[in-house]
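All of the numbers you see were taken from the coordinates with simple rules; none came from a lab. Note that the structure is a prediction, hence the values are computed from the model and not measured. Please note: Cβ atoms are built from the backbone with ideal geometry, for glycine as well, and neighbour counts cover all protein chains shown.
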Amino acid sequence: MGIEVKSIAAKGVSISPRTKAFISQKLDAVGKRLPDLEQASLVFKLRTRPNVVEVKLTIEGGKNHLHVHGEGKTPTAAFKEAVTHARRMARQQSEKRTAQLKHYTPSTSSALTDDDEPPI
């Protein structure tokens, strides 16, 4: 189950085919953690003041949405930082779901309403 790249917008930067292939590969790693994520949108922008590339990555699908940001000297470096944040967020959400499933206990209201037994 991979995440499909819906759109890549670049303002002031060019995105090479090699970078696009790298983006697809790394998004698959995020998709393994959150299987209901389906599409990703990326916006790359060159900031001239500190001369860095920033990327805003949005991954959506199902009931999960991830919005992450990354900066770097190149589009690939900026994307790597954004994916690191996305994977961390995906891991946290995955662990949270697992913990909720582990600690699920059925309702005990029926056990507490027995009139035959005296209260403890």
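Neighbour counts of other Cβ atoms within 10 Å put 68, 52 in the fewest-to-most order 52, 68.
Seen from residue 19, the other residues with C-beta closer than 12 Å to its C-beta sum to a net charge of +4, counting Lys and Arg as +1 and Asp and Glu as -1.
Bridging of residue 56 to lysines at a Cα separation below 29 Å is possible for 6, 11, 20, 26, 32, 45, 73, 80, 96, once same-chain residues fewer than 8 apart are set aside.
Here the simple spin-label model places points 7 Å from the Cα toward Cβ, and for residue 73 and residue 58 these points are separated by 3.1 nm. Length available on full extension from residue 29 to residue 11: 0.36 nm per residue minus the Cα-Cα distance, which gives 3.9 nm. Between residue 22 and residue 100, the C-beta separation translates, for a Förster distance of 25 Å, into a calculated FRET efficiency of about 0.15. Panel order for 87, 47, by other beta carbons found within 10 Å of each beta carbon, from fewest to most: 47, 87. Bridges between two residues of the stretch 4-96, per DSSP, are antiparallel at a rate of about 70%.
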